[in-house]
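Since the structure comes first, as structure tokens, the remarks are kept for the end.
The values are calculated or read from the model by the stated rules, or taken from the named source; none is laboratory data. Because the structure is a prediction, the values reported are computed rather than measured. Every residue, glycine among them, receives a Cβ derived from its backbone with ideal geometry; neighbour counts consider all protein chains shown. When the accessible area is computed, the model is the full protein with side chains, heavy atoms only, and any ligands, DNA or RNA have been set aside. Shrake-Rupley method; radii C 1.70, N 1.55, O 1.52, S 1.80 Å.
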Amino acid sequence: MNQTPLVEMKDIVKTFGGVHAVDHASVDLYPGEVVGVLGHNGAGKSTLMKMLSGAYVKDSGQILINGEEVTIESPRDAQDLGIETIYQTLALADHLDATANLFLGREKTTAWGALDDNLMEAETRKVLHRLNPRFKNIKTEVGALSGGQRQSVAIGRAIYFDAKILIMDEPTAALGMQETAAVADLIQQLKKDNLGIFLISHDIHDIFDLCDRICVMKAGKVIGTRKISEVTKDDVLSMIIMA
Amino acid sequence: MAKQFSQFLNTLGVSPRLVSMMIALLVIWLVLHFLTDGTFLSARNLYNLAVQTSVVGIMSTGMVLIIVARHIDLSVGSLLGVTGMLIAYLQAEVFTIDNNWGWVASIAIGLVVGGIAGWWQGYWVAHRGVPAFIVTLAGLLLFRGAAFEVTDGKTVAPMHETYQLLGGGIDGAIGATWSWIFGLVAVAILVFFTLKSRFRKTKYGFPVKQMWAELLMLAIWSLLIILFVNVMNSYYKPRTEVARGIPIPVLILIGTVIVMTCITKFTKFGRHVFAMGSNPEAAELAGINIKRVTVGIFVLMGVLASIAAIITTARLNAGVNSMGTLQELNVIAAAVIGGTSLAGGIGTIPGAILGAVIMQSLDNGMVLLGVSSSMRQIVIGIVLILAVWFDVMYNKKRR
Ligand SMILES: Nc1ncnc2c1ncn2[C@@H]1O[C@H](COP(=O)(O)OP(=O)(O)O)[C@@H](O)[C@H]1O
Ligand SMILES: [Mg+2]
């Protein structure tokens, strides 16, 4: 691949107090590619991704988007760069309904500046139908929805706004078999649309089905990046365990 | 039976919580009516009740947003005191009441100062991370002290004649004709917006209420509006047959309720307040500027406290530095009784108004019964605990 990477994170450092959550880590991502980020709990996967999504500000290092260095200091900065995130915690406002959550922070308004709830609801119905045709409780507060439906709302929010870069932090953790399959389909589809996707997952099968490359982390460091076609599941498992 | 009833409410599109509050209010009214030998539900007393409710009602709409956002404002009573003193002092001693525009200027300055005081508190909460409980507890002291400092504790009087109308005194109501016009216009607006919203939903192909349910709700609301106007028109000016009509402070309350309802339901700001109260981290990750929203709600609360101060000084026809003392408790109680959850994320403006009416009804009824002010405080205190306990139980059952 000779094209410019969509994302390059170079030599990134993040500490919390004395903890080196991310320790001189570097990863990159090309358009139409899925990169799996693997590692034990506490390896620093979420923290690394949160610096790309604007939830945390990096201590040092460089982030390049399409070859140009960018500053990401807030979630809004990341959104403006076309970076969307499905957080491990989903980050939903439980007392609001699916529509309000999907458009949270980016509400559509009428010519008068009032919230255009009808328009937003119509769009929400479309997106959620695509993800989960059985999704019915569009007016229910999301706190009362099932885990799978909540995840659908979080995923819907990430794909609605024409993301170029998608970060999925354990997106299938709360899902059943069918819903997981739907997410896998979605990822394939998004790849065709030339999105770049970082996928954090513990499921080795998911990783092998969906990823083009993997990047293994341990104690804040990236200890190896491999093409999935060049490794076996056992190789990957031993990379994670041995490290 | 209970299940069928809740299904019925669902078809009508009204929240069970609101209905249970209305039933509670009705029971309280009937009991008080009975205990006071028919005085409580007289036109005269209901008129007074409406005027008394406006001050707490106006502030409770702001308290809803504060509590929804997981904060609290203990300073609103003192804030009312200081802005009220400032307005009265400016009007009586700086502009003097001979100046026909002095009262307008004093109102404008009062509203701005209220907003700045709110901004000050919001700044400490949002940008300096001091808990609202402490900031506004300090505000309770600070603004009360400031209220004293305005005139060294001296009462200032009188207020401009036109200004006094805002307090709802003898002439402070709009008369029978205008009241009927107001009522009919209100009904027309209600019908218009209900149908418009229904039409737009149908256009999008969304499910709508059944037609009979829509019409029934319209009929109930229209009836309540007409009934309200009729009661306000049944109370006459002293020694005449001239109807008073809707008191001006109640009109101010209604205006406030409409504006605040629009803010909570139809603006980004309102939506963000609820998102923040529901899950602050999620709101931040969604790109919402939490600090700005937090400052915004405190500014709004400050402005509402000065509106309440205008009504209070106009009604007293004076500025007294103890104005608003302990009002923060009534305001918080109104919001909480009205279904605002102290855990954040839940609350409605109409609920808070209903809460304010319940609080004021209890207080008013006890005054009619000759209950001493100390006993009234005890009762209100107990009601507050019961209201929060009810909220806790209600939320447990829902989970
Ligand atoms: N907000 C935070 N404050 C303090 N320590 C944190 C914070 N977030 C993560 N950490 C620490 O950073 C390390 C990496 O965490 P994380 O990125 O969540 O790992 P992973 O997602 O790979 O399981 C852990 O040791 C964790 O305790
Ligand atoms: Mg994680």
Restricting to segment B:285-296, give me the number of residues that are open to solvent by less than 50 Å² (accessible area, probe 1.4 Å) and without any contact (Cβ under 8 Å) to a residue 24 or more places away in the chain. 4
Where residues in segment A:147-205 are of a type in the set (Asp, Glu) and part of a loop (DSSP other than H, G, I, E, B), which of them is least open to solvent (accessible area, probe 1.4 Å)? A:GLU170
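Being facing chain B (nearest Cβ under 10 Å) and open to solvent by less than 50 Å² (accessible area, probe 1.4 Å) is the filter here; which residues of segment A:78-94 pass it?
A:ALA78, A:GLN79, A:THR85, A:TYR87, A:LEU90, A:ALA91, A:LEU92, A:ALA93
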Does segment A:108-127 contain at least one residue that is at the interface with chain B (Cβ under 8 Å from one of its Cβ atoms) and basic (Lys, Arg)? no
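Results for (1) hydroxyl-bearing (Ser, Thr, Tyr); (2) open to solvent by less than 20 Å² (accessible area, probe 1.4 Å); (3) within 16 Å of ligand 2 (Cβ to nearest atom); (4) at pLDDT below 95, shown as yes or no for each residue.
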site	(1), (2), (3), (4)
A:LEU48	no, yes, yes, no
A:VAL57	no, no, no, no
A:ILE72	no, yes, no, no
A:ALA100	no, yes, no, no
A:PHE103	no, yes, no, no
A:GLU107	no, yes, no, no
Among the residues of segment A:82-98, write down those that are within 16 Å of ligand 2 (Cβ to nearest atom) and of a type outside the set (Val, Ile, Thr). A:TYR87, A:GLN88, A:LEU90, A:ALA91
Tell me, which residue of segment B:144-170 that is over 21 Å from the mean Cα position of the chain (by Cα) and within 25 Å of B:ILE332 (Cβ to Cβ) is most open to solvent (accessible area, probe 1.4 Å)? B:PHE148
Selection count where residues are open to solvent by 50 Å² or more (accessible area, probe 1.4 Å) and at the interface with another protein chain (Cβ under 8 Å from one of its Cβ atoms), scope segment B:263-284: 5
Run down A:ASN2, A:ASN41 and say which single residue is modelled with pLDDT under 95, open to solvent by 10 Å² or more (accessible area, probe 1.4 Å), of a type outside the set (Lys, Arg) and farther than 22 Å from A:HIS202 by Cα. A:ASN2
Within segment B:7-25, how many residues turn out to be over 16 Å from B:TRP221 (Cα atoms) and open to solvent by 60 Å² or more (accessible area, probe 1.4 Å)? 4
Within segment A:132-146, take every residue that is surrounded by fewer than 15 Cβ atoms within 10 Å (Cβ to Cβ) and in a loop (DSSP other than H, G, I, E, B) and give me the one that is nearest to ligand 2 (Cβ to nearest atom). A:SER146
Evaluate the following for A:LYS10: is it away from ligand 1 (no atom under 16 Å from the Cβ), among the basic types (Lys, Arg) and outside any helix (DSSP H, G or I)? yes
Which numbered condition trips up B:VAL187, out of (1) open to solvent by 80 Å² or more (accessible area, probe 1.4 Å); (2) in contact with a Phe, Trp or Tyr (Cβ under 9 Å, 6 or more places away or on another chain); (3) of a type in the set (Val, Ile, Thr)? (1)
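Hand me the list of strands (runs of 3 or more DSSP E) wholly inside segment A:18-128 holding 3 or more residues that are more than 30 Å from B:GLY205 (Cβ to Cβ) and either within 16 Å of ligand 1 (Cβ to nearest atom) or in the same structural domain as A:LYS227 (by TED's automatic domain parsing) (or both).
Passing ranges, in order: A:19-29, A:34-38, A:60-65.
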A:ALA144 - would you say it is closer than 21 Å to A:VAL35 by Cβ and either free of Cβ contacts under 8 Å to residues at least 60 places away in the same chain or touching a strand residue (DSSP E or B) at 6+ places or on another chain (Cβ under 7 Å) (or both)? no
